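Each remark here refers to the structure printed beneath this line.
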Amino acid sequence: MREFITGNQAIVRGAVRAGCNFVAGYPITPASSILNEIVRAFADGSGTVVQTEDEIAAIGQCIGAAMTGAKVLTATSGPGISLYSENIGLAQMGETPIVIVDCQRMGPATGGATATGDGDVMFARHVTSGSYPIPVLAATDAMSAYRLTYEAFNIAERLRTPVILLSSKAIAMTRQTVDLESVELPAAITRQRATSNGTFQPYHVDHPSDVPDFAPIGGSQRVRFTGSIHGEDGVLTIDRKKIDAKLKHLNAKIVGNAASLELVEADLDDSAETLVISYGLADGAAREAVKQSREHGNLVSHLTIFSLWPVPEIALRAAITPSIRRVIVPELNLGLYVEEIRKQVPGVLIESIQRIDGGLIYPQRIVDAIEQIEINAARGEEQLR
Amino acid sequence: MTTLAVKRNDMAFCPGCSHGMVLEHLSSAFDRMGLAPTDVCIVSDIGCVGISDRYLDCHTFHGLHGRSITYAEGIKRAKPDTTVVVLIGDGGCGIGTAHLVHAARRGADINVVVCNNFNFGMTGGQHSATTPQCALTTTTPDGSTDYPFDICQTAAVSGASYVGRFTAFDADMPAHLEKAIRTRGFALIDVWELCVAYYTERNHLNRKTLTELADSMDMPLGEIRNNPKSRNMAASPTPRKNHPTPEDDKNGRISPPELLWPRRTEFCVAGSAGQRIRSAVGVVGDIAVAAGLFAAQQDDFPITVRRGHSVSNLILSDSPINYTGVDNAELLLVLTEDGVRRIQDWDQFSPEAIVFADADLELPPTSARIERVDRKAVEKSAGKASGALALLAFAIVKGKWMDPETFRNIAASGARGKYRDQNLEAIRFGIDLANTGS
Ligand code: SF4
Ligand SMILES: [Mg+2]
């Protein structure tokens, strides 16, 4: 059935579908309606929702609840993510599944509360001290916001990690046509429970990229949770071997499972010389531009990246089919992610298209780039302006 | 002492530090209450008292500085059967004051034990929120000048169920703790302690002068509030009426109506707050989607929603909409001066675009075709709340984006919600107006 809903409503529907049963949040434009909608969604008693005194308390309550086994979500915008920062580190260290939605606004600080942008793509990756990896997904529209919220819960549960889902004002507060039932979703994942035999070691793993089995706080097995560096018993340690093992594990369980985290949509043409790579807000314009450019007779490939971090290396390389000579990357920021793409595909001419004033990148700009690039490439030019 | 894993002397606290005593008191309280270690979760804050988790045999949660109350509340909400106790220092109460106040206001059913030794022990004896005036600390070498934070009064006036202030040497501490834990709602015990490493020597504080300090500071020891009838947070929500689920699609998969414009078209309605512009555009979007078309709606309004401009953009298309920006509106309905001012690119409209503007408005130069409407007359006949929708329906038909019959039919089958009849009436009014050619 088709519906006409906002990106924020789609996120709530995705969360409910994934079994989310605990939400704590603090109002902030353009994320506020997620909290409002959750109050309605949980009105039947299917979950607990609390509006806290600030963002720190919001994520704090989520982490506490998650460690009792709840499936938790919290949603905010850039200023709130800044306040979440320290607790995101806690969730990493304590291996807490939590879905964090960032409805991005324009610019730093208060920025443009009702203006849009994709400026948090690097911030999301390096959001907390230590820079240990954190999976980051980026919605492109209401439909993908629904699907990716669901996927975010699965990743959070499977890898016991915080997962950040990026949306932005122009997705959060725009109503779009969706058909949620038509979205094919994998089975919902719930974190692996520990067996009740023997003494429970809350952070025991056999291999660095494994994920420790979970026992809930308040259950029959005693659980230790700590944000301090710890051994497998969850007790603070100064043993270098244990420290090394724990921190390598925090890296390995994300990086070592990176292939399973790749979420992209590849619309490739084997003979294309131009590849458009897009994510987030710029994706809609990119789709439109690729469509129009093909109607003009150009051969163009298009790759949409939904999983920004870890960088989907396999999909990126696969999209650089032998004939690809140029890549166009439109972004609603200063050209932040294009540098990651550059690292992955050395030797390919890359053009960055940027817009930062709160407006969208027009499809025509990308069409022009696709078609200009043909001409300039013929002239052997290196870079386009 | 079933919850204590080690003896006091084997704990890493400085000899003479009061923290170990508090852990013993807590463990005794759990024993008195018959609580098994797995019935209890202790959430420890940061500071010397924060290392307590390793000495406890219950569930333990050790998080960030000043935030222990937030984790505790989350745990309690999600696991109401667990007894949740926060171990926090005076430093944690300073940095996390907001959490203390608001958890108390919410009636969070948690128990906060403040290990209050008037300074930051772990970081080397700096002054804290509770440092008494004139007290010497490493950061107040001439004596603290700040008024000390009264944790107990703060909790009490914020709605705590139980508040008490005792010294760590109080032999009845297990009983006080039991009372606090048994009281439903937010409970707080402020335990006055000795930090022998940094505070006691400089400030001549000992077991005896600790009691005198309470008198001199006018912060009496004892029970400060005991109101078992205080509010207790709802751990899980009381079921209310079921939240609205999408209505059944009675028509199943429908074939989209014949459009007079078989392509993407952008509409823009610009006016002032209070004209129900966003809802008018939303109604048309809903109807279009229900009829099998694709739609996207983007609104633009100031944060103070009841004032200033209100602009709503709608894209309708017979195929999926990739790009949701509205850059080339073909139909622009301008209702007020606010709307005129908000449209920034009057010179950008194509000659094929039609601007429907209220008769009274002065418009900037534009190459779009201009049609005048009498907004006030329409609002008068259709009702003020229905004016925008009536005029939008009028413009859609008048500009030949949809034929009247199709519009009428899809509106009748697609309009939903509380204001369905009112909206249908407005649409009918607009269509009739277009038909009569006024
Ligand atoms: S520094 Fe002070 S608070 Fe810390 S263990 Fe020593 S005496 Fe106790
Ligand atoms: Mg202290």
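Nothing in this text is a laboratory measurement; each read-out follows from the coordinates by a stated rule. Because the structure is a prediction, the values reported are computed rather than measured. Using ideal geometry, Cβ is built from the backbone for each residue, glycine included, and neighbour counts are taken over all protein chains shown.
Any residue that is more than 26 Å from A:THR199 (Cβ to Cβ), more than 7 Å from chain A (Cβ to nearest Cβ) and within 16 Å of ligand 1 (Cβ to nearest atom) - is there at least one of those in region B:70-84? No, the conditions are met nowhere in region B:70-84. Restricting region B:287-301 to residues that are closer than 26 Å to A:ALA285 by Cβ and not in a strand (DSSP E or B), the residue that is nearest to the other protein chains (Cβ to nearest Cβ) is B:VAL289. With respect to the conditions (1) farther than 30 Å from A:ILE5 by Cα; (2) away from chain B (no Cβ under 14 Å), A:THR226 falls short on a single one, namely (2). Considering only residues in region B:110-135 that are aliphatic (A, V, I, L, M) and in contact with an Asp or Glu (Cβ under 8 Å, 6 or more places away or on another chain), the one that is nearest to ligand 1 (Cβ to nearest atom) turns out to be B:VAL114. The set of residues in region B:48-69 that are more than 29 Å from the chain's Cα centre (by Cα) and within 16 Å of ligand 1 (Cβ to nearest atom) comprises B:CYS48, B:VAL49, B:ILE51, B:SER52, B:ASP53, B:ARG54, B:TYR55. Give me the residue from region A:1-22 that is more than 11 Å from every other protein chain (Cβ to nearest Cβ) and aliphatic (A, V, I, L, M) and, out of that set, farthest from B:GLN297 (Cα to Cα). This residue is A:ALA18. Under the condition of being within 14 Å of ligand 2 (Cβ to nearest atom), over 14 Å from B:MET217 (Cα atoms) and either within 14 Å of chain A (Cβ to nearest Cβ) or assigned to a loop (DSSP other than H, G, I, E, B) (or both), the residues counted in region B:130-144 number 2. Annotation: of all residues in region B:118-161 being of a type in the set (Phe, Trp, Tyr) and surrounded by 15 or more Cβ atoms within 10 Å (Cβ to Cβ), the one that is nearest to the chain's Cα centre (by Cα) is B:PHE149. Filtered by the rule that a residue be in a strand (DSSP E or B) and either more than 21 Å from the chain's Cα centre (by Cα) or among the hydroxyl-bearing types (Ser, Thr, Tyr) (or both), region A:329-362 gives A:LEU349, A:ILE350, A:GLU351, A:SER352, A:ILE353. Against the test of being within 11 Å of chain B (Cβ to nearest Cβ), closer than 20 Å to A:ALA156 by Cα and among the small types (Gly, Ala, Ser), the options A:ALA75, A:ALA43, A:ALA58 yield a single qualifying residue, A:ALA58. Scanning region B:167-195 for residues being among the hydrophobic types (A, V, I, L, M, F, W, C), part of a loop (DSSP other than H, G, I, E, B) and within 12 Å of ligand 2 (Cβ to nearest atom) gives a total of 2. Can you tell me which residues in region B:311-350 are within 14 Å of chain A (Cβ to nearest Cβ), in a strand (DSSP E or B) and hydrophobic (A, V, I, L, M, F, W, C)? Across region B:311-350, the qualifying residues are B:VAL311, B:LEU314, B:ILE315, B:LEU316. Residues in region B:154-166 that are of a type in the set (S, T, N, Q) and either within 14 Å of B:ASN227 (Cα to Cα) or in a loop (DSSP other than H, G, I, E, B) (or both): 2 in all.
Whether any residue in region B:94-104 is within 8 Å of chain A (Cβ to nearest Cβ), within 16 Å of ligand 1 (Cβ to nearest atom) and without any contact (Cβ under 8 Å) to a residue 12 or more places away in the chain is what I want to check. Checking region B:94-104: not a single residue is within 8 Å of chain A (Cβ to nearest Cβ), within 16 Å of ligand 1 (Cβ to nearest atom) and without any contact (Cβ under 8 Å) to a residue 12 or more places away in the chain. A single entry from B:GLU212, B:GLU201 fulfils the requirement of being surrounded by fewer than 14 Cβ atoms within 10 Å (Cβ to Cβ), without any contact (Cβ under 8 Å) to a residue 40 or more places away in the chain, part of a loop (DSSP other than H, G, I, E, B) and charged (D, E, K, R): B:GLU201.
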